[in-house]
Amino acid sequence: MLRFAPSELTDAELALQAEVREFLDAELPRGSFAPGLGMAAGRDKNFSRALAARGWLGMSLPRRYGGAERGVVDRFIVVEELLRWGAPIRYHWVADRQTGPLILRYGTMAQRERFLPRICRGEVSFSIGMSESEAGSDLAAVQTRATRTDGGWRVSGTKLWTGGAHENDWCVVLCRTSDEDDRHQGLTQLIVDLRAPGLTVRPIAYLDGSEFFNEVVLDDVFVADDLVVGEVGAGWAQNTSELAYERAGPERWLSTYLVAEQYLREHGATDERAEAALGEAVAGWWGIRTLSLSVARLLDAGQAPAAEAALVKELGTRFEQEVLDTIWRLVPDDLDPAAESLFERLLAAAILGAPSFTIRGGTNEILRSVAARALRA
Amino acid sequence: MTVADGLAVLRECGPDRTAETVLLGEWLLAQAGLSGEGLAVTVAPGSARDSVVLRDGRVSGTAHRVPWARDAARIAVLHDGRALVVDRAAVTIQPRVNLAGDARDTVLFDGAVARSGPGVDADALFLRGTLMRIALMAGALDRLYEITVRHASHRRQFGRPIGSFQAVQQHLVMIAQQAALTSVAADTTARRPGGFEIAAGKLLANRAALSAGRAAHQVLGARGTMREHPLGQLTRRLWAWRSEYGDEHHWSTRLGAGVARAGADSVYPAITGGSTVVSV
């Protein structure tokens, strides 16, 4: 049976929530910046550093590396406020969410000392090098290969959908280091310098014309031994644990939140259709947030709720799309992506962004299979 | 017994008359200062079609969809903010049922003598009735989930358990999600029974009743449609309860209007803080 127990925030957690809200009101007042949609929001290194100065980057990391040793729920509270505000989180997003915990868990002492304090200060950015043209949902099919050389590895292959490779510092690349009978063995995670000789970044234009995603071609790129994460050949297990537990966070159900809020700001809810749309949306967020928060509580309690997290991500990402359709139906006119109305711009951006919600970080079809394994009598 | 205890009983034991007699009926009488007789009382939920008038201490008119009126000793109706209580023997009952076959009778009052008490808010009664439906629906969905998962694991077709087919797994996952949503809605509303939580909770429960109910029947196949199969006992009640105490239109417009009144800046604080932030 699945474990979902709703909980109230403690006084300390409510105080953190209030603190983040005050911070955003002061640092990024509404109207002073162009808010973005969830993980697709803007990139602003100074903003990331301001968060770092409050202790809100690398929150779960140990103090000796500059972290705050706070729990998953505390990070949940900070992240949900940033996302629903449309704050520019892209500079620190992957480092804070994924790479920091990965290096803490599997990295060497030297890697921790080298990267973690800089992650906590908002001074280093990472990309994720997982997908390839023949390895989408079937990630174990990656063909990028690292071969041993003096003092390190030579890496060749092509990664696809590497977000931010053109602007970030490093990329954690999953590559094959040996051929084994079990193809889940023999994979290794390497930290690759995105400016290294032999590495070429080419933009992939997304539906809306933006060029956040890239193809990263590695042609005999040298990676020193001290940039291997964890054990050589054990990359699959590391990679899946990295994916599993961060799946159910607020980024999986808040991507279209601002569309609804901004609709209300600009149009009000002047008839029953609009009221019903708003009511449906708010009820959905209330319920999914409760589930998502309960997964964060399980993580803080030392559990590994992989099935619950998959279930919430699948539900949340579909909800992001449904809520978008509900709001879209309130708009009789065709949309101008460059309209003066912020609502119209956000709606247009959300419509074009929405197909990726149920694909990125594991397609919903795969997530249902992951969750279904736990649903056995 | 606290409300939360009562809701836990409803959720665990499912449909009996506790909801109507103890948690709603006795509560209403206590509010009106009329309790203490120990006889089963049922409460008219208050339908738009009701026409109840009080003249010289006597009740006339019709109340619709009164649960278990035929079996109750007393029947309570709300009228102008007062609770009116009449003896079952003093009214005429037209037996009616809901989708599940449970009694939802029409009660004809023809000058029945009523005792009355003050200070009962019709909306408070409606919210409380809704709160109980959420608990009942969460319990039914928990059992529906168990039945469906068990069936998918044991039933074999094409030489393997049907739960090993991806198309069936998708139904199971959806049912698990809907049961989980309704479950946390019931837990949260039991702990914090505010207007926001009840509105959102009933909306989620109603949605789950439709989507999980349909998916469960699909997984169970033809045998789930047999009258005596436990699945139908659950789905028929879920569908009946979906309409009782507010359908999706009722609660979504009410919730949306409440949030809209609070304004755009309050939408997210409402999602996290519920009835501490907005009144619905």
Only unsatisfied item for A:Glu261, checking (1) at pLDDT below 95; (2) facing chain B (nearest Cβ under 7 Å), is (1)
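Select, from A:Glu261, A:Glu215, A:Glu266, A:Glu167, the only residue that is in the same structural domain as A:Leu347 (by TED's automatic domain parsing) and surrounded by fewer than 20 Cβ atoms within 10 Å (Cβ to Cβ).
Values: A:Glu261 fails: surrounded by fewer than 20 Cβ atoms within 10 Å (Cβ to Cβ); A:Glu215 fails: in the same structural domain as A:Leu347 (by TED's automatic domain parsing); A:Glu167 fails: in the same structural domain as A:Leu347 (by TED's automatic domain parsing).
Of A:Glu261, A:Glu215, A:Glu266, A:Glu167, the one residue that is in the same structural domain as A:Leu347 (by TED's automatic domain parsing) and surrounded by fewer than 20 Cβ atoms within 10 Å (Cβ to Cβ) is A:Glu266.
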Here is a list of conditions, (1) more than 14 Å from chain B (Cβ to nearest Cβ); (2) buried (at least 21 other Cβ atoms within 10 Å of the Cβ); (3) modelled with pLDDT of 95 or more, and A:Glu242 meets all of them except one; can you say which number that is? (3)
In a helix (DSSP H, G or I), under 16 Å from the mean Cα position of the chain (by Cα) and more than 8 Å from chain A (Cβ to nearest Cβ): does that describe B:Thr148? no
Check A:Thr158 against each of (1) surrounded by 19 or more Cβ atoms within 10 Å (Cβ to Cβ); (2) under 18 Å from A:Gly235 (Cβ atoms); (3) modelled with pLDDT of 95 or more and name the one condition it does not meet. (1)
If only one of A:Asp208, A:Asp220 is outside the structural domain of A:His92 (by TED's automatic domain parsing), out of contact with any Ser or Thr (no Cβ under 8 Å at 6 or more places or on another chain), among the acidic types (Asp, Glu) and not in a helix (DSSP H, G or I), which one is it? A:Asp208
Give B:Leu24, B:Leu54, B:Leu29 a once-over and let me know the one that is of a type outside the set (Val, Ile, Thr), touching an Asp or Glu at 6+ places or on another chain (Cβ under 9 Å) and assigned to a helix (DSSP H, G or I). B:Leu29
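Identify, please: which residue in the stretch A:54-79 is charged (D, E, K, R) and out of contact with any Gly (no Cβ under 9 Å at 6 or more places or on another chain) and is, among those, surrounded by the fewest Cβ atoms within 10 Å (Cβ to Cβ)? Even if it seems obvious, please write down each step before you answer.
Filtering the stretch A:54-79 for residues charged (D, E, K, R) gives A:54, A:63-64, A:69-70, A:74-75.
Those left that are additionally out of contact with any Gly (no Cβ under 9 Å at 6 or more places or on another chain): A:54, A:63-64, A:69, A:74.
Values: A:Arg54: 14, A:Arg63: 9, A:Arg64: 11, A:Glu69: 12, A:Asp74: 21.
Restricting to residues being charged (D, E, K, R) and out of contact with any Gly (no Cβ under 9 Å at 6 or more places or on another chain), the top hit is A:Arg63.
Any idea which of B:Ser164, B:Ser153, B:Ser183 is in contact with a strand residue (DSSP E or B) (Cβ under 7 Å, 6 or more places away or on another chain) and within 10 Å of chain A (Cβ to nearest Cβ)?
Working: B:Ser164 fails: in contact with a strand residue (DSSP E or B) (Cβ under 7 Å, 6 or more places away or on another chain); B:Ser183 fails: in contact with a strand residue (DSSP E or B) (Cβ under 7 Å, 6 or more places away or on another chain).
Testing whether each residue is in contact with a strand residue (DSSP E or B) (Cβ under 7 Å, 6 or more places away or on another chain) and within 10 Å of chain A (Cβ to nearest Cβ) leaves just B:Ser153.
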Residue satisfying condition, being assigned by TED's automatic domain parsing to the domain that holds A:Cys171, of a type in the set (Gly, Ala, Ser) and buried (at least 20 other Cβ atoms within 10 Å of the Cβ), within set A:Gly198, A:Gly235: A:Gly235
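Could we say that A:Ala12 is closer than 30 Å to B:Asp187 by Cβ, surrounded by fewer than 19 Cβ atoms within 10 Å (Cβ to Cβ), within 14 Å of another protein chain (Cβ to nearest Cβ) and modelled with pLDDT of 95 or more here?
On the way: closer than 30 Å to B:Asp187 by Cβ: yes; surrounded by fewer than 19 Cβ atoms within 10 Å (Cβ to Cβ): yes; within 14 Å of another protein chain (Cβ to nearest Cβ): no; modelled with pLDDT of 95 or more: yes.
Here the answer is no, as A:Ala12 does not meet what is asked.
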For the condition of a type in the set (Lys, Arg) and either within 30 Å of B:Met226 (Cα to Cα) or assigned to a helix (DSSP H, G or I) (or both), what is the one hit in B:Arg11, B:Arg49? B:Arg11
A:Asp25 is checked against (1) surrounded by 15 or more Cβ atoms within 10 Å (Cβ to Cβ); (2) within 14 Å of another protein chain (Cβ to nearest Cβ); (3) of a type in the set (Asp, Glu) and fails just one. What number does that condition carry? (1)
Go through (1) of a type in the set (D, E, K, R); (2) at pLDDT 95 or above; (3) surrounded by 22 or more Cβ atoms within 10 Å (Cβ to Cβ) and name the single condition A:Arg345 misses. (3)
Within the stretch B:224-264, considering residues that are acidic (Asp, Glu) and more than 8 Å from every other protein chain (Cβ to nearest Cβ), the one farthest from the chain's Cα centre (by Cα): B:Glu228
Taking the stretch A:31-53 only, how many residues are more than 21 Å from the chain's Cα centre (by Cα), within 13 Å of chain B (Cβ to nearest Cβ) and crowded, with 16+ Cβ neighbours inside 10 Å? 0
Just the residues that are charged (D, E, K, R) and either in contact (Cβ under 8 Å) with a residue 24 or more places away in the chain or within 14 Å of chain B (Cβ to nearest Cβ) (or both), please, taken from the stretch A:328-359. A:Arg329
Those residues that are outside the structural domain of B:Val173 (by TED's automatic domain parsing) and among the hydroxyl-bearing types (Ser, Thr, Tyr), I need them from the stretch B:89-146; list them, please. B:Thr92, B:Thr106, B:Ser116
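The values are calculated or read from the model by the stated rules, or taken from the named source; none is laboratory data. Bear in mind that the values here come from a model prediction, so they are computed numbers and not experimental data. Reconstructed Cβ throughout: ideal geometry from the backbone, glycine too, with neighbour counts over all protein chains shown.
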